[in-house]
Amino acid sequence: MSDRLPGYEEAAGLVAQFAEGVRAAVPPTERVALASAAGRVLAQPICADRDQPPFARSTRDGFACRAGEVSTHAWLPVAGAIRAGEAPAGPLPPEAVWEIMTGAPVPAGADAVAMIEHVKLIGGKIRFLPPRKLSERENVVAQGAQARKGDLLISIGARLGSAQIAVAAECGYAVLDVFVRPRVAILTTGDELVAVDATPGPGQIRNSNAPMLAALVAAEGGEPWILPTAADSATSLDDALADAAKADLILLSGGVSAGKFDLVEPALERLGARFHFTGVRIQPGKPMVFGELPADQSRAKAGVRARCFLGLPGNPVSSYVTFLLFGAPVLLALTGSLEPRPRFGVARVVDQTQVHGKSGLTRFLPAFWKPGAADGQIAEVALVPWQGSGDLAALARSNCFLVIPEDAESLKPGTIARILLQ
Ligand code: AMP
Ligand code: MG
């Protein structure tokens, strides 16, 4: 049976292809204040509103001067002073220097700044201390050296982190056009689930997937919409799915295995779903399903965009891994972001014990990576001991997943392996 399931690469290819289609449709935009733009995706380019820096700027406290003149080590008079925030001054007379502070405009005629630490100042004259020489442009950033007025600094599709927000501020953008966050329905299923603030009865467990998936969705730029948990019954699932179908992306958790009460697939079928795959040769996460709901006028009118769903296995670590592998690429496309997902890296396996691969399944095992011991050394990765795909505490101690290829019998210590970054 598992032979007919796609392998990881094939399934990832199907998801990537779908995500490309999603990217072709530009998301709606809204205007937000710069102060609340962190994490949003830019829907307008950010351009320099003036040269950066806007004037030749001193990067040091010291004396603006002509490099050739001070390098003779002659005593030169201080002709004036300028501090940050003052209008450009000067011109600098011949054979003189101008006291200057970091961030101030360099006076016309000066071509360098001698650092205060490198001069002797006596009675209004300075001497640049031998044997030091000063070069032209030293400690000066020329007007427009970083950007020219009108230059494109940040493109549409960039995620606004702290650096991008600083650039926007530098260029005078008090408000920004960003893409509207896609709404992601989170529909957990299972008769055994109770809310986090409830005391579980015999056989019951708390619903940890709903808050976990909501946090993952929010971190990737989506707007999580947690629906009431659906019971393992056809009517409960039908009702819940009718609601969830109003979202841009539906994440279901649980009910996709082969058990008697795994009723999610039939419920999706009743809605006319088209499945791109109904399982992947991976571990954890093998039973996961991915597909689309049929085009529906009322949904289109309501502005629903992708009409796609991912049915994630209920085991928490399986849900987590399958979201990273298959949910994140679709979600990122919906946000309008150009960032690639999933994110993989490489690291050297340092485990003393061998990692036993499972023939026919690509495995993603909770692991911890850290930088190489010395400069230029590759990162190191070690497995986190775990008790299987329900072991949330092990997941919480990990910061990546070690990827064991389907055909690998083992990964010996020293092997350079792929890691899935969290
Ligand atoms: P299922 O995929 O529905 O067969 O569930 C597989 C395992 O994951 C079972 O042990 C469930 O109790 C558990 N599980 C399912 N949904 C959740 C959830 N929302 N939070 C925590 N555990 C869950
Ligand atoms: Mg279940």
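The values are calculated or read from the model by the stated rules, or taken from the named source; none is laboratory data. The shown structure was predicted, so the numbers you read here are calculated from the model rather than taken from an experiment. Heads up, the Cβs are rebuilt from the backbone with ideal geometry, glycines too, and the neighbour counts pull from every protein chain shown. Heads up: the accessible areas ignore ligands, DNA and RNA and are worked out on the full protein's heavy atoms, side chains in. Shrake-Rupley method; radii C 1.70, N 1.55, O 1.52, S 1.80 Å.
Under 21 Å from Gln143 (Cβ atoms) and more than 45 Å from the chain's Cα centre (by Cα): which single residue out of Leu76, Leu92 fits that description?
Within the list Leu76, Leu92, the selection yields Leu92.
Going through the range 1-35 one residue at a time, which ones are of a type in the set (S, T, N, Q) and either in contact with a strand residue (DSSP E or B) (Cβ under 6 Å, 6 or more places away or on another chain) or open to solvent by less than 70 Å² (accessible area, probe 1.4 Å) (or both)? Walk me through how you get there before you give the answer.
Pass one, the range 1-35, residues of a type in the set (S, T, N, Q): 2, 17, 29.
Of everything in the range 1-35, those that are of a type in the set (S, T, N, Q) and either in contact with a strand residue (DSSP E or B) (Cβ under 6 Å, 6 or more places away or on another chain) or open to solvent by less than 70 Å² (accessible area, probe 1.4 Å) (or both) turn out to be Ser2, Thr29.
Given the conditions (1) within 14 Å of ligand 1 (Cβ to nearest atom); (2) open to solvent by less than 70 Å² (accessible area, probe 1.4 Å), report the number of the one that Leu176 does not fulfil.
All conditions are met except number (1).
Just the residues that are within 16 Å of Gly68 (Cα to Cα) and open to solvent by less than 50 Å² (accessible area, probe 1.4 Å), please, taken from the range 108-124.
If we filter the range 108-124 for residues that are within 16 Å of Gly68 (Cα to Cα), which is where we start, we get 108-115, 118-119.
Residues satisfying the conditions are Gly109, Ala110, Asp111, Ala112, Val113, Ala114, Met115, His118, Val119.
Give all pairs with beta carbons closer than 9 Å in which a residue from the range 310-323 that is over 21 Å from Leu293 (Cα atoms) meets a residue that is of a type in the set (Gly, Ala, Ser) and more than 11 Å from ligand 1 (Cβ to nearest atom); count only pairs at least 6 apart in sequence or on separate chains.
Taking only residues 6 or more apart or on different chains, the pairs are Val317/Ala394.
Here's the yes/no breakdown for (1) assigned to a strand (DSSP E or B); (2) within 15 Å of ligand 1 (Cβ to nearest atom); (3) open to solvent by 10 Å² or more (accessible area, probe 1.4 Å):
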{"site": "Leu187", "(1), (2), (3)": "yes, yes, no"}
{"site": "Gly203", "(1), (2), (3)": "no, yes, yes"}
{"site": "Leu237", "(1), (2), (3)": "no, yes, no"}
{"site": "Ser257", "(1), (2), (3)": "no, yes, yes"}
{"site": "Lys260", "(1), (2), (3)": "no, yes, yes"}
{"site": "His276", "(1), (2), (3)": "yes, no, yes"}
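Count, please, the residues in the range 288-297 that happen to be at pLDDT 75 or above and open to solvent by 40 Å² or more (accessible area, probe 1.4 Å). Outline the logic, then answer.
Quick first cut of the range 288-297, residues at pLDDT 75 or above only: 288-296.
Filter again for open to solvent by 40 Å² or more (accessible area, probe 1.4 Å), leaving 294-296.
Qualifying residue count, the range 288-297: 3.
Tell me which residues, restricted to the range 294-330, are within 16 Å of ligand 1 (Cβ to nearest atom), assigned to a helix (DSSP H, G or I) and within 16 Å of Pro224 (Cβ to Cβ). Can you show your working first?
Keep residues of the range 294-330 that are within 16 Å of ligand 1 (Cβ to nearest atom), which gives 309-323, 326-327.
Cutting the leftovers down to assigned to a helix (DSSP H, G or I) gives us 316-323, 326-327.
The answer is Ser319, Tyr320, Phe323, Gly327.
Hey, does the range 394-401 have a residue that's in contact with a helix residue (DSSP H, G or I) (Cβ under 8 Å, 6 or more places away or on another chain) and either small (Gly, Ala, Ser) or farther than 20 Å from Lys286 by Cβ (or both)?
At the first step, the residues of the range 394-401 found to be in contact with a helix residue (DSSP H, G or I) (Cβ under 8 Å, 6 or more places away or on another chain) are 394-395, 401.
Retained after the next criterion (residues that are either small (Gly, Ala, Ser) or farther than 20 Å from Lys286 by Cβ (or both)): 394.
Yes, the range 394-401 contains at least one residue that is in contact with a helix residue (DSSP H, G or I) (Cβ under 8 Å, 6 or more places away or on another chain) and either small (Gly, Ala, Ser) or farther than 20 Å from Lys286 by Cβ (or both).
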